[in-house]
């Protein structure tokens, strides 16, 4: 390589300077446009006492209801918390189970390696469908982008309106964007994994689908499952937040307690959520270890 | 196992990659049951020539025929069944490292199975198939590795798994690209012995590419010397003269300078 190729040319230096300046300006403009001032980060009048009340709650989370009187027959707070944790987990599992199916289907179809013939030089397509395949591939990619470009909370609003407050609308609100994200990442993992096993199977007459299932999928599988476990942790948090729309997950009870200014109850739910997320994370990292290293 | 065949034929085959010739006007006839090694310096076109045999590389000019069938004229499904007759061990072996030895060996049959059958076969632990795989691995001296993951094996053991996969395939041909390149001298000698003996015992047509001229001379009855994509000599290894040999490498030196 010649010294010229290594030298930073003035044009290149200019481009880099413009980029850095642009990023800096974008940050500055956003702060000015929003009229942000650091003094807003300090509690307002009266806000200080609310804040200290809230923080006090952190040190003494509620173990029983803060309300003076509770209707007869109400279950104790802690069993309510456990119930909320349980439904949060159920929504996450249900949403993820559908998301994994969607992610696998569209992840396969969104991978160039699904459409490619390992034995030919053409980037996409094989046999009679050679012309059609690039189009199908593009349609799948756009579909995946649509699925994940809308946040699960927005999907939840849409399905709330369409189907009402039933459990299914929450489950598909999670499943669609998560399925899209899984599909995108799965397809990239499949495309990035080494191809020599796929080629060698193609060379001994394996069909395209067989090549994909035996030559590519096993090589990407460890990464794919590790990522799916990570997304499951995210799904637990999403499921909790969906409660703000009225689904009986942690978010629902957390919102009720906050509206009633029962901050110690809020902290009980928060701690329960944190514990749930930590347990799921511990469990999934144990599983990941077993699958990836073994 | 092999039906009477007329073997493999290259008819004036040339291959160009982006305008660069990898193989030029290659003529070659290989009779069924024959054992042949392509020799020559790296970049001389050995890998391309081997990949032409199962149409993983297509000729830019000329034709490759198996039993008088032109590989560029056959349908997709015919090509698949032709490929299923060609055991192929690429230089990188093409194994799936994070699967077990058994699964890798069983995948040798994929070319002979439909999709549904291959899925069903992989879901059920069919004892008959595992026993056959085990018998082959035993023959190659690594039977105890049946349920080990390939990435836990040594280079020599992996080489044997790849050979086992090709044998499990029950092909008519055994094609191996530089099968000795990753092995130490002792292992290389062992492996070439194994390959030639197995091919002879099962009546396979053996096509190899090799760096090591001395081992090729010792073990493979027919040598084809390639230089810059052209055949420099083709004949029984006993007749390979030292002049021809030095020509192969001298010319390569000139190429490098030029």
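The values are calculated or read from the model by the stated rules, or taken from the named source; none is laboratory data. As the structure is a prediction and not an experimental result, all values here were calculated from the model. When we count neighbours, we look across all protein chains shown, and the Cβ atoms used for this are built from the backbone with ideal geometry, even at glycine.
Summary of computed values
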{"quantity": "All helices (runs of 4 or more DSSP H) inside the stretch B:27-109 with 2 or more residues being at pLDDT 90 or above, outside the structural domain of residue B:162 (by TED's automatic domain parsing) and in contact with a strand residue (DSSP E or B) (Cβ under 9 Å, 6 or more places away or on another chain)", "calculated": "B:46-53"}
{"quantity": "The stretch A:66-89, residues that are at pLDDT 80 or above and buried (at least 16 other Cβ atoms within 10 Å of the Cβ)", "calculated": "A:77, A:80, A:81, A:84, A:85, A:87, A:88, A:89"}
{"quantity": "Residue, nearest to the chain's Cα centre (by Cα), within the stretch B:137-172, restricted to residues that are away from chain A (no Cβ under 14 Å) and under 21 Å from residue B:203 (Cα atoms)", "calculated": "B:160"}
{"quantity": "Condition broken by residue B:55, with the remaining ones in (1) surrounded by fewer than 18 Cβ atoms within 10 Å (Cβ to Cβ); (2) on the phi > 0 side of the Ramachandran plot satisfied", "calculated": "(1)"}
{"quantity": "Those residues of the stretch B:196-218 which are within 20 Å of residue B:42 (Cβ to Cβ) and without any contact (Cβ under 8 Å) to a residue 40 or more places away in the chain, in sequence order", "calculated": "B:212, B:214, B:215, B:217"}
{"quantity": "Some residue of the stretch B:105-118 being more than 14 Å from chain A (Cβ to nearest Cβ) and either buried (at least 19 other Cβ atoms within 10 Å of the Cβ) or under 30 Å from residue B:6 (Cα atoms) (or both)", "calculated": "no"}
{"quantity": "Selection from the stretch A:110-139 of residues that are under 20 Å from residue A:220 (Cα atoms) and modelled with pLDDT of 90 or more", "calculated": "A:110"}
{"quantity": "Helices (runs of 4 or more DSSP H) wholly inside the stretch A:130-221 that include at least 2 residues being farther than 21 Å from residue A:243 by Cα and out of contact with any helix residue (DSSP H, G or I) (no Cβ under 6 Å at 6 or more places or on another chain)", "calculated": "A:133-149, A:167-192, A:196-203"}
{"quantity": "Elements of type helices (runs of 4 or more DSSP H) contained in the stretch A:1-116, each with 1 or more residues being closer than 30 Å to residue A:232 by Cβ", "calculated": "A:47-59, A:77-109, A:112-115"}
{"quantity": "Residues within the stretch A:4-33 that are modelled with pLDDT of 90 or more and either more than 36 Å from the chain's Cα centre (by Cα) or within 30 Å of residue A:261 (Cα to Cα) (or both), tallied", "calculated": "0"}
{"quantity": "Any hit, the stretch B:83-96, residues being at the interface with another protein chain (Cβ under 7 Å from one of its Cβ atoms) and surrounded by fewer than 21 Cβ atoms within 10 Å (Cβ to Cβ)", "calculated": "yes"}
{"quantity": "Hits in the stretch B:60-75 (condition: within 13 Å of chain A (Cβ to nearest Cβ) and either surrounded by 13 or more Cβ atoms within 10 Å (Cβ to Cβ) or touching a residue at least 12 places away in the same chain (Cβ under 8 Å) (or both))", "calculated": "B:60, B:66, B:71, B:72, B:74"}
{"quantity": "Subset tally (residues that are more than 14 Å from chain B (Cβ to nearest Cβ) and over 17 Å from the mean Cα position of the chain (by Cα)) for the stretch A:175-233", "calculated": "2"}
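Residue-wise test of (1) at pLDDT 90 or above; (2) in contact with a helix residue (DSSP H, G or I) (Cβ under 7 Å, 6 or more places away or on another chain).
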| residue | (1), (2) |
| --- | --- |
| B:150 | yes, yes |
| B:203 | yes, no |
| B:210 | yes, yes |
| B:225 | yes, yes |
| B:228 | no, yes |
| B:243 | no, no |
| B:251 | no, no |
